[in-house]
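Student: Let me begin by handing over the structure; questions about it come next.
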Amino acid sequence: MMAGAPGDFGSYWQATLDALAAYPAAAQIEPIPLRTTAFATMYGVHLTSIGPYRIFAYLSIPTGKGPFPAIYYAPRYQSVMQPAPQGTASLQRSRYITLALAARGYRNADKPYAASFPGLLTEGIDSGGTYIFRGIAADCVRGLDFLLTRPELDPRRVVVAGNDMALITAALHPSATHAVATPELFHDTLARAAKTAAYPLEEINDYLRLYPERREAVGRTLSYFDLRAFAPRVRAATLIMAGAKGSALDARALSPVSDGLEGAVTVRESERSSYKDGLFAESWIAAQCGIGDVRSILPEAWAKAASP
């Protein structure tokens with residue numbers, strides 16, 4: 001375990017998983033005709049997570065005979081989770097099962113709790129037991145639990161994609177075979193927050209200016225979420241999408257995370273181009289899932305740019 005991780009790191013997360021297991025998922029699945037196409041059927045899914053709390057996900061199943069690989073989109077730090085990240089080609093749904101999770105507080109899962117942006121990052125942060133991201137991590141695990149029940153799924157090709165929550169989900173759920181993570185929140189958080197006034201880490205600074213006496217408690221809570229502590233538990237093949245060279249989250253800064261991963265790891269530094277970075281990630285996922293014609297499911301502008 002990383003230096004500085006709390007001694008009860010393992011028991012904290014095991015207790016979280018045990019609490020989650022006490023609640024049946026009670027899945028409620030409804031077709032969404034407006035988002036259904038000739039090549040994929042879309043569903044809205046409600047699930048019960050820890051609390052209990054009802055969460056939501058968009059599930060897309062390709063037309064045809066499976067089994068299909070899957071991309072599970074863990075929630076990013078934004079109020080609305082779309083069926084796929086903005087800019088992703090709809091045709092992706094013809095080749096992959098996709099599941100996009102709206103965790104507690106996010107749109108479609110905002111009753112009785114509606115998350116604030118900014119604000120979510122510090123919700124209940126002075127205690128590991130009350131920190132909102134404990135519940136969100138449990139939500140992510142529950143979403144993967146559900147995905148694995150789908151008979152159309154090839155369990156040998158399950159990709160979890162997103163920010164820190166993708167890596168945390170892969171650490172907590174060994175059924176994730178691949179992970180694509182763009183860390184932004186939970187790597188050396190207090191130290192990075194002290195060096196920036198940028199959102200979302202400025203939320204931490206605002207909180208500590210208001211409650212300076214809680215710094216130690218906040219630091220302890222964040223230690224349960226630090227990616228360096230999760231890294232040795234990640235056995236999935238992993239793509240780390242690092243920041244541009246020289247940034248606070250470039251490959252060098254993230255090396256304590258990437259070096260600690262148990263599974264195979266690829267680190268890609270951003271070229272400050274959504275096209276180039278996105279193309280790399282999509283191509284990596286396709287290669288891992290055995291999909292050879294990735295250009296056929298890329299956004300049209302990307303596919304043209306990628307053509308020789």
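A short reminder: the numbers here are calculations on the coordinates, not readings from a lab. Just so it is clear, the structure is predicted and the values come from calculations on it, not from any experiment. Here the Cβ is made from the backbone with ideal geometry for all residues, glycine too, and neighbour counts use every protein chain on show.
Student: By a straight-distance test (C-alpha under 20 Å), which aspartates and glutamates pair with LYS111 as possible cross-link partners, with residues fewer than eight away in the same chain excluded?
Tutor: Output for LYS111: GLU30, GLU123, ASP139.
Student: What are the trypsin sites (Lys or Arg not before Pro) within segment 239-308 that DSSP puts in a loop, where the Cβ has at most 16 other Cβ atoms within 10 Å? The partial results should precede the final answer.
Tutor: Values: sites: LYS245, ARG252, ARG268, ARG272, LYS276, ARG295, LYS304; in loops: LYS245, ARG252, ARG272.
Hits after loop and neighbour filter: LYS245, ARG252, ARG272.
Student: Moving to a separate point now. Picking from GLY219, GLY124, GLY64, which is most flexible by a Gaussian network model of the chain using Cα springs under 10 Å?
Tutor: Sorting by GNM fluctuation, first place goes to GLY64.
Student: Another question about this same structure. Based on DSSP, what percent of beta bridges with both residues in segment 9-108 are antiparallel, to the nearest 5?
Tutor: Around 85 percent of the beta bridges assigned by DSSP in segment 9-108 are antiparallel ones.
Student: Please rank CYS289, CYS140, fewest neighbouring Cβ atoms within 10 Å first, as an exposure proxy.
Tutor: CYS289, CYS140
Student: I've got another one for you. Would you please state the base-10 log of I(q)/I(0) at q = 0.20 1/Å for segment 165-308, with intensities from the Debye formula using one equal scatterer on every alpha carbon?
Tutor: Treating every Cα as an identical point scatterer, log10 I(q)/I(0) equals -1.20.
Student: If neighbour count is taken as other Cβ atoms inside 10 Å, put ASP188, ASP250 in order from fewest to most. Present the calculation step by step, with values, prior to reporting the outcome.
Tutor: On the way: ASP188 19, ASP250 16.
Exposure proxy ranking, most exposed first: ASP250, ASP188.
Student: Loop-only trypsin sites (Lys or Arg not before Pro) in segment 45-105, please: DSSP not H, G, I, E or B, and at most 12 other Cβ atoms within 10 Å.
Tutor: Counting only loop positions with at most 12 other Cβ atoms within 10 Å, the trypsin sites (Lys or Arg not before Pro) in segment 45-105 are LYS65.
Student: Given just the C-alpha atoms of segment 194-278, how large is their convex hull per residue in cubic angstrom? Could the numbers behind the result be given before it?
Tutor: Numbers: hull volume 9.0 nm³, N = 85.
Roughly 106 Å³ of hull volume per residue.
Student: Find the eigenvalues of the gyration tensor of the Cα atoms of segment 1-147, then list the square roots of 5 times those eigenvalues as equivalent ellipsoid semi-axes, largest first, in whole angstrom. Can you show the working numbers first?
Tutor: Working: eigenvalues 173, 55, 44 Å².
Here the semi-axes work out to 29, 17, 15 Å.
Student: Right, something else. Compute the projected area of the convex hull of the Cα atoms of segment 9-290, averaged over all viewing directions, and report it in nm² to one decimal place.
Tutor: Values: hull surface 55.9 nm².
For the Cα atoms of segment 9-290, the hull's average projected area reads 14.0 nm².
Student: Which FRET efficiency value, to the nearest 0.05, do you get for ALA22 and ALA197 by plugging their Cβ-Cβ distance into 1/(1 + (r/R0)^6) with R0 = 45 Å? Please list the in-between numbers first.
Tutor: Details: r = 42 Å, r/R0 = 0.93.
The computed FRET efficiency comes out at 0.60.
Student: To the nearest 10 degrees, how steep is helix 132-147 against the longest Cα principal axis of the chain, on a 0 to 90 scale?
Tutor: 20
Student: Loop only per DSSP, at most 10 neighbouring Cβ atoms within 10 Å: give me the chymotrypsin sites (Phe, Trp or Tyr not before Pro) in segment 1-76, ordered by residue number.
Tutor: Numbers: sites: PHE9, TYR12, TRP13, PHE39, TYR43, TYR53, PHE56, TYR58, TYR72, TYR73; in loops: PHE39.
Of the chymotrypsin sites (Phe, Trp or Tyr not before Pro), not one in the loops of segment 1-76 has a Cβ with at most 10 other Cβ atoms within 10 Å.
Student: Run the numbers on the chain and let me know its relative contact order in percent, using alpha-carbon pairs under 8 Å that are six or more apart. Walk me through the numbers on the way to the answer.
Tutor: Values: 573 pairs, mean separation 48.3, N = 308.
The value is 16 percent.
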